[in-house]
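So the structure is just underneath, and the comments pick up after that.
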């Protein structure tokens, strides 16, 4: 069994604080998420996963009206205490692009490209967390043997849950949060 890195051994039992996380090197932060102060280590994404995220982000960015910006794989700080930090594959947000972390009130859309190691997080945990945080839209893209399938959701603000807007195969065509059409077959 491999020993834990020294920096992990030095963390307090009550979990990582926002201040501790903000002092961590970026190469560590890129590989982890923090849920209620606990570190969740993510495996490196596959080249296919990264290609899908990049091409989808480019398509969303081409369609996004001002003031919305599109970014990939950055910190979304859901809460400081306890620290709750996710790294969605794609975020559509407003605000200073150099100011991190992005906060939920800045986000219009969070997108996850589901991997074998993120099924429960992307189908259950993250949508629930993002909904409670008030993020208006959530999309999940699944890699199936028949191609990509995109699921789109919109926030029911009264209940703080996402309601399905559509299931998309071959092409993702939506009007909300803004009109966008993506050839899913070209992404995979």
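Derivation of every value follows stated rules applied to the coordinates shown; laboratory data play no part. Everything numeric here is computed off the predicted structure, so don't read it as measured data. Cβ atoms come from the backbone with ideal geometry, glycine included; neighbour counts cover every protein chain shown.
Quick notes
- Full extension of the chain between residue 183 and residue 100 yields a length gain of 26.8 nm, computed as 0.36 nm times the residue separation minus the alpha carbon distance.
- For the chain, built as a Gaussian network whose Cα springs stay under 10 Å, the top-fluctuating residue of 107, 70, 41: 41
- Three-way shape label, region 62-132, alpha-carbon gyration tensor, a/c 1.5: oblate
- Exposure proxy order (Cβ contacts within 10 Å, fewest to most) of 68, 139: 68, 139
- MRE, 222 nm, helices only [DSSP H, n ≥ 4, -39500 (n - 2.57), over the chain, to nearest 500]: -5500 deg cm²/dmol
- When the convex hull of its Cα atoms is projected in every direction, mean area for the chain (nm²): 11.5
- Ordering of 110-118, 79-87 by packing is 110-118, 79-87, highest average first (other Cβ atoms within 10 Å, averaged per residue).
- As a proxy for reagent exposure, 168, 105, 137 were ordered by neighbouring Cβ count within 10 angstrom, fewest first; the result is 105, 168, 137.
- Among beta bridges identified by DSSP and lying wholly in the chain, the antiparallel ones come to about 85 percent.
- Gyration tensor (alpha-carbon) shape descriptor, region 93-148, a/c threshold 1.5: prolate
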